[in-house]
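The values are calculated or read from the model by the stated rules, or taken from the named source; none is laboratory data. Computed from a prediction, not measured in an experiment: that's the story for all the values here. Don't worry about glycine lacking a Cβ; one is built from the backbone with ideal geometry, like all the others, and counts go over all protein chains shown.
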Amino acid sequence: MRHFLLWISLVLLAAPALAQAPAANPPAPPAAATPSSSADDKIRDLEDRIIALENEVRTLKEHQGAAAPAPSQAAATGAAPESTSQAAASAQNQPAPESAPQDAANLGGATSMAKALNPDISLIGNFIGTMGHNGVAGIPSLEMRESELGVQAVVDPYARADFFISFGEEGVSLEEGYITFTALPAGFVAKVGKMRSAFGKVNTMHSHVLPWIDRPVVTDNLVGGEDGINDAGFSITRAFAGPGGLYLEATGQVFRGDSDGVFVASRNSDVSAVAHLRGYRDITESTNLDIGLSYARGHNDLGSNFITSLYGVDATLRWKPLRRSIYHSFIARSEFVWSQRQQPTVEQRAFGMYASADYQLGRRWFIGGRYDLSDRATNAAITDRGGSFVVTYWPSEFAQLRSQYRYVNYPDGANGNELRFQVMFAIGAHGAHPF
């Protein structure tokens, strides 16, 4: 009876081990008893095997994740398959897997995925103050002129989105918000949304990237001032190579027809259109020239029967040595605008221009000057003239300090004589602006 109970215990203890052990490596069966063995030796041998099986079951439970070597690998190497107990002992002697690098990789992957799903966000502050007098186009003594929130991200492999929201002391407005399709056939690039038009150079620039605190007088008089030609519509651009190493870029745009101070849409069909042709060429290794031709057409505030047309020419000369004097550069800009505004009695034909130059003295210091001349759009007989001197200091790429002395001669009012200063700062990842 005692022998029978021992055999039953052996079978019950060995069953879990046999169920979990690989079929190719079953535990060795108990050795057959010899006639010379006594009953006590048999019982002691069975007790030892039961203890060994208990240890094997415990070991297999602890290493259930460890895979047994494939039979084909064992055959290829010529090694005999180990027994279950030997495999368990070998697994116990192996060092524990290092989970820290894997966890770090997983954390990095999660961070990268979160970065891919979240847009780039930036915020730029533009603080302006002034001293002096300007009875025609003056500004407050101190004001937070603009706080621009930028949200930019890639939508998919074929498009990206850009939004710029302007917060001022008097309210909030959408400065720009559009989607750009970058993978159209034949090299075309399209934009849809609200955007600054491609007329000239200054009209395309946000306030915080201007080389001056204010905008030129010709922009205020003929091209809509601070906002300029900025409207909802769509744009198509195509770049191509021209003769003699000339880079050409053609842009066509159609807008709703509402741009404050320039175009007004009295009905849905009163859309406006803008066309721009840009040519770029490297003159030397350190010097390049950028020339543009612009045209804009739309209805003015007198009604659908009255058209305003704008013609523009812009030129930019840049000098930046690449191998020496890396903290010295020079940029000369000029823009000419002609306006033809239809009115009930006589068509107003006005002209305006500016010319500026900026020189980099050192790593952080810049000086510049600008000359302004412009007729009034509604009364071309009145011509405003002025000039500015600008000093700029960049503590870093995220901050800027600037002062500007500004003088403007207004024929119909007191002369403007002001000293303005500006503090700008940026946080976040702000995208690059057009070159």
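Could you tell me whether region 338-357 includes any residue that is touching a residue at least 24 places away in the same chain (Cβ under 8 Å), exposed (fewer than 15 other Cβ atoms within 10 Å of the Cβ), touching a strand residue (DSSP E or B) at 6+ places or on another chain (Cβ under 8 Å) and farther than 20 Å from ASP220 by Cα?
No, because not a single residue in region 338-357 is touching a residue at least 24 places away in the same chain (Cβ under 8 Å), exposed (fewer than 15 other Cβ atoms within 10 Å of the Cβ), touching a strand residue (DSSP E or B) at 6+ places or on another chain (Cβ under 8 Å) and farther than 20 Å from ASP220 by Cα.
Sort through ALA186, ALA198 and tell me the only one that's over 23 Å from ALA315 (Cα atoms) and not in a strand (DSSP E or B).
ALA186
With the requirement that a residue be assigned to a loop (DSSP other than H, G, I, E, B) and either outside the structural domain of VAL218 (by TED's automatic domain parsing) or within 24 Å of LEU149 (Cβ to Cβ) (or both), what does region 397-431 give you?
GLU397, PHE398, ALA429, HIS430, GLY431
Please find, within region 384-430, the residue that is nearest to VAL218 (Cα to Cα) out of those that are buried (at least 18 other Cβ atoms within 10 Å of the Cβ) and of a type in the set (Asp, Glu).
Of everything passing the filter in region 384-430, ASP384 is nearest to VAL218 (Cα to Cα).
Got a sec? Which of SER99, SER141, SER90 is within 50 Å of the chain's Cα centre (by Cα), among the hydroxyl-bearing types (Ser, Thr, Tyr) and at pLDDT below 80?
Being within 50 Å of the chain's Cα centre (by Cα), among the hydroxyl-bearing types (Ser, Thr, Tyr) and at pLDDT below 80 holds for just one of SER99, SER141, SER90, which is SER99.
Check TYR405, TYR410, TYR354, TYR359 and return the single one that is closer than 20 Å to THR130 by Cα and modelled with pLDDT of 95 or more.
Just one listed residue meets the conditions, TYR405.
Restricting to region 126-141, name every residue that is among the aliphatic types (A, V, I, L, M) and more than 12 Å from ASP214 (Cα to Cα).
Within region 126-141, MET131, VAL136 qualify.
Report yes if ALA381 is without any contact (Cβ under 8 Å) to a residue 12 or more places away in the chain, outside any strand (DSSP E or B) and surrounded by fewer than 19 Cβ atoms within 10 Å (Cβ to Cβ), otherwise no.
yes
Filter region 254-269 down to the residues that are over 20 Å from GLU226 (Cα atoms) and modelled with pLDDT of 95 or more and list them by number.
VAL254
Could you count how many residues in region 201-223 are in contact (Cβ under 8 Å) with a residue 24 or more places away in the chain and in a loop (DSSP other than H, G, I, E, B)?
9
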